[in-house]
Amino acid sequence: MSKLPRIEKYDHPAGGWGSVKSVASILVKEHVALNGARILMHQNKPDGFACVSCSWAKPADPHLFEFCENGAKATAWEVTTKRCTPGFFRHHTLAALEAWTDFELESQGRLTEPMRYDAASDRYVPIAWSEAFDEIGAQLRDFDPKRVVFYASGRASLETSYMYQLFARMYGTNNLPDSSNMCHESTSVALPETIGVPVGTVTLDDFDHTDCFFFFGHNTGTNAPRMLHPLQDARQKRNAQIITFNPVKERGLVSFANPQSPGQMLSSDETRISTHYHQVKIGGDIAAVTGICKALIEADDRAREEGRPRVLDAAFIAEHTHGFDTFADAMRAANWADIEAESALTRAALEGAAAEYAKAKAVMILFGMGITQHREGVLAVQMLTNLMLLGGNIGKPGAGICPIRGHSNVQGQRTVGITEKPALVPLDKLAELYRFEPPRDEGMATVDVCAGVRDGTVDAFLGLGGNFARATPDQDVLAPAWKKLPLTVQIATHLNRSHLLHGRAAYLLPCLGRIEVDRQAGGAQIVTVEDSTACIHASQGFATPASERLLSEPAIVAGLAKATLTPASGSVDWDAWVGDYSLVREAIERTYPDQFKDFNQRMSRPGGFHRPLAASHREWKTKTGKANFITPEGMGEDLDMRFDGERTLRLMTTRGDSQFNTTVYSLDDRFRGIFNTRQVLLMNRDDMTRLGLAEDEAVTVSTVANDDVERKLDGLRVHAFDIPAGCVMGYYPECNLLIPLAHHAKRSKVPAAKAVPVRLQAMAKA
Ligand SMILES: Nc1nc2c(c(=O)[nH]1)N[C@H]1C(S)=C(S)[C@@H](COP(=O)(O)OP(=O)(O)OC[C@H]3O[C@@H](n4cnc5c(=O)[nH]c(N)nc54)[C@H](O)[C@@H]3O)O[C@H]1N2
Ligand SMILES: Nc1nc2c(c(=O)[nH]1)N[C@H]1C(S)=C(S)[C@@H](COP(=O)(O)OP(=O)(O)OC[C@H]3O[C@@H](n4cnc5c(=O)[nH]c(N)nc54)[C@H](O)[C@@H]3O)O[C@H]1N2
Ligand SMILES: [Mo]
């Protein structure tokens, strides 16, 4: 197979034969062809395991193969037969491993034994579990808890997450940042103010009733592919309209062939997914939605004047909302020339979208990182709720807002207390149940942690999964600082860059994955996760563990807690919890009685159970007691970015088709026609001409920032791509060193990974 980088036009549908081929090749690569195929049959089944890839909802009556191409890749990655053993570490110093790519590091396969960093040899060496716990506990007891960080990446179960937050709080800190700080935190800040719940309001059943979907900033074919099935149904059965706003034409949102439908596979038939595709400028969504709202409000004004039926849902607005008049005036006053300039979309296109919205009885709005990872990410989410409220599109079948979450249990971790914000946690309840005084001050979010590591105000970092040092901004600035930390502890399945950017004392604690059998004193254990629709499912491991020396995540958290906490910290029977996870679920139910009623009984129902959400039955838990319109100031222009429209471009950093976040499965991004390379920068052809850059020319990308730090990435090759002028696209995490830590969403602190101001310079030819 040729390994030369190759860029070509890819116009096949998402799914289809390409998908089948891709699944087969990853099973072979991970040496799990037969076993892997057998395991896949248990994926997302009521008595099987919940996929470890994305957080999209799982139906109650699953298909025979209830997985997608990328879910299959994630499974193969976890059940790989490759092993990263102590023998591997004997051969490689950490300094040598730093030169390896992320792909090469994780390709070593599953970690098998607990390890401790040995400074004399610059290697990880094996250590007994009990010794590791005791050493870590002794060090933690010496630190000020306010200088210790407990990060969680979003995959660990509700049971593990509940134990982890309790451990951190009993130890004395609310420093519980998680991956949502880099992801949907903009949503979690925006929605409580507008509709009184922090999460989406739709369920899978709603997809059967929606007649118009609005999609903003999500690459569905790659990042939540199973959602293409209900969308395909909605297109085929009801001719639902799908209106997409995305700077680039993502294949999965253009067309889809169901790889599990024999008919479509044999006939090379494909379903057109988006009926309207708007290539909005990066960061132009607030302007675009302003245009749609303006068109709707003015059409309603005319209808009222002329005595025709109203365009807006006036009864809903009157009964259920607050702030409409101010909002409507601001929309009337917005000027089309500004809207067109900021969004790069025409008035006609936006009026067309408004017309579809007005026609539909039920509208659903879905969105991803293209909305949240911006300086004005919170406002952008609130503009989407404004649009929803105009038509009363919440609290009725088929309507609502659907933030498409990332990690498979990221939403659930928040539900059970993983957050740096104490106001979101029932601290009094924890105090009463476990007889301790929980810390009440705000903890550190992800960017605060990075700043603390940089400035020397953090002493220890514990990671429950994830690849924190690689997923966060400003890597060149932070790398030397990580190595000065007194202590890092990483609970992980695969070796990654954060394990190389380790503290002076460092421990690597390998755990069972969710697909593996988790046998404890009380027998084989079940865990639970919450999906993007606030639906909670049981998940039972099925595969043989990668090594006999692995511990489960609950066992590791309990081991650390027991070694760290003193009787004065409070009382928990950690051993009993590890022996029988149903006791942890009882504890979760006692802490959140409304959300988790009869948890142990309901978790195994086919399709799981939904947490109650006030907004979905039009009960508004906001300060005004109503759903709130939020009036924007301006259209989200980022004055700090100083885009000059000439040399400074907007860089979005996104995922390719063959990665799960920092885990890169292969160097291909099939849907975008990129093969064997990730060192590319995709840009508008006119910008290339204007800047004098030729196809495949190597450039240095540098960030335009207000500080003195030089951020530069050499050697990306530019390729002409169908993307609006002034916008460029590169890969996460390779481009993360270009993102200044301070360049984050104003109110949610989510790094603004989708609009980094950059300049390009052709590299001197060798
Ligand atoms: N296979 C796979 N599945 C995953 C993941 C994975 O890495 N691999 N990651 C998981 C996680 S943690 C998350 S958070 C989700 C992420 O899933 P997404 O939310 O899809 O995140 P990205 O891959 O970053 O893609 C962002 C999309 O937004 C578009 N975009 C960028 N800027 C803008 C903008 O200004 N406006 C608009 N309208 N669009 C914009 C991009 O073109 C791209 O299509 O997926 C989850 N699922
Ligand atoms: N530039 C840029 N930066 C971004 C983003 C972007 O779009 N652009 N996206 C952001 C987003 S949305 C997110 S969510 C973050 C992701 O940030 P993280 O969640 O921190 O990173 P991941 O890459 O998902 O973590 C992968 C590692 O998790 C470990 N792991 C896998 N499975 C398990 C398990 O079952 N248990 C344990 N304990 N460990 C496990 C493995 O060792 C693996 O190496 O990145 C953010 N960073
Ligand atoms: Mo995410």
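The values are calculated or read from the model by the stated rules, or taken from the named source; none is laboratory data. Model, not experiment: these values are computed from the prediction. In this analysis, Cβ positions are derived from the backbone assuming ideal geometry, glycine residues included, and neighbour counts consider all displayed protein chains. For the accessible areas, the whole protein counts, side chains as well, though only heavy atoms, and no ligand, DNA or RNA atoms are used. Shrake-Rupley method; radii C 1.70, N 1.55, O 1.52, S 1.80 Å.
Given a Förster distance of 35 Å, report the FRET efficiency between HIS92 and THR700 from their Cβ-Cβ distance, rounded to the nearest 0.05. Before the final figure, lay out the partial values.
Working: r = 30 Å, r/R0 = 0.86.
That gives a FRET efficiency of 0.70.
Sorting THR564, THR85 by accessible area puts them as THR85, THR564; the probe is 1.4 Å, largest comes first, and only protein heavy atoms count. Sorting the segments 334-347, 744-757 by their mean number of nearby beta carbons within 10 angstrom, highest to lowest, gives 744-757, 334-347.
Note on LYS146: aspartates and glutamates with a C-alpha under 19 Å away, same-chain residues under 8 apart excluded, are ASP178, GLU420, GLU437, ASP441, GLU442, ASP448, ASP455, ASP459. In this view, the solvent-accessible surface of HIS31, computed with a 1.4 Å probe and all protein chains in place, comes to about 110 Å². Potential lengthening of the chain between ARG590 and ALA318 amounts to 94.1 nm, from the contour at 0.36 nm per residue minus the alpha-carbon distance.
Computing FRET efficiency as 1/(1 + (r/R0)^6) for LEU433 and ARG618, where r is the C-beta to C-beta distance and R0 is 35 Å, gives about 0.60. Charged side chains reduced to their Cβ positions (Lys and Arg at +1, Asp and Glu at -1) give the chain a dipole of some 880 debye around its Cα centre.
At a threshold of 8 angstrom on Cα-Cα distance, excluding pairs fewer than six apart, so keeping six or more, what relative contact order does the range 186-404 reach in percent?
Details: 387 pairs, mean separation 70.3, N = 219.
It rounds to 32 percent for the range 186-404.
What percent do you get for the relative contact order of the chain when only Cα pairs under 8 Å and 6+ apart count? Walk me through the numbers on the way to the answer.
Numbers: 1736 pairs, mean separation 165.8, N = 766.
Dividing the mean separation by the residue count of the chain yields 22 percent.
Between amide H atoms placed 1.01 Å from N, distances below 5 Å from LEU681 occur with ARG717, VAL718, HIS719, all of them 5 or more places distant or on a separate chain.
Which number comes out as Rg/Rh for the chain once both Rg and the Kirkwood Rh are worked out on C-alpha atoms? Numbers along the way, then the final one.
Details: Rg = 25.1 Å, Rh = 26.5 Å.
Radius of gyration relative to Kirkwood radius: 0.95.
Here ALA423 and ASP598 are evaluated by their C-beta separation; at R0 = 35 Å the FRET efficiency comes out at 0.80.
Beyond 29 Å in Cα-Cα separation lie the following of the pairs LYS45/LYS623; LYS9/LYS754; LYS361/LYS421: LYS45/LYS623; LYS361/LYS421. For the range 410-428 versus the range 74-141, the spacing of their alpha-carbon centroids is 30 Å. Alpha carbon centre of the range 179-239 versus the range 702-741: separation in Å? Here the two parts' Cα centres lie 28 Å apart.
Candidate cross-link partners of LYS73 among the aspartates and glutamates, defined by an alpha-carbon separation under 18 Å and a same-chain spacing of 8 or more, comprise GLU30, ASP102, GLU104, GLU106, GLU516, ASP657, ASP668, ASP669.
Taking a straight Cα-Cα cut-off under 18 Å and skipping sequence neighbours fewer than 8 places away in the same chain, the lysines within cross-link reach of LYS3 are LYS21, LYS29.
Close amide-amide hydrogen proximity is noted between VAL489 and PHE461, LEU462, GLY463, TYR507, each under 5 Å apart and 5 or more residues distant or on a separate chain (H modeled in the peptide plane; Pro and chain starts excluded). Long hydrophobic helices in the chain: none of the complete DSSP H runs spans 27 Å or more by Cα along its own axis with mean Kyte-Doolittle hydropathy of at least 1.6.
Along the range 456-467 the Karplus relation, 6.51 cos²θ - 1.76 cosθ + 1.60 evaluated at θ = phi - 60°, assigns HN-Hα couplings of x, 9, 10, 9, 8, 10, 10, x, 8, x, x, 9 Hz to successive residues, with x for each Gly and Pro.
Taking all protein chains together, PHE213, PHE143 sort by accessible area into PHE143, PHE213, largest first [probe 1.4 Å].
Using the 1.4 Å probe convention, the accessible area of the chain works out to 36 Å² per residue with neighbouring protein chains retained. Accessible area of the chain with a 1.4 Å probe: how many percent of it is carbon plus sulfur? The C+S portion of the solvent-accessible surface of the chain is 52 percent.
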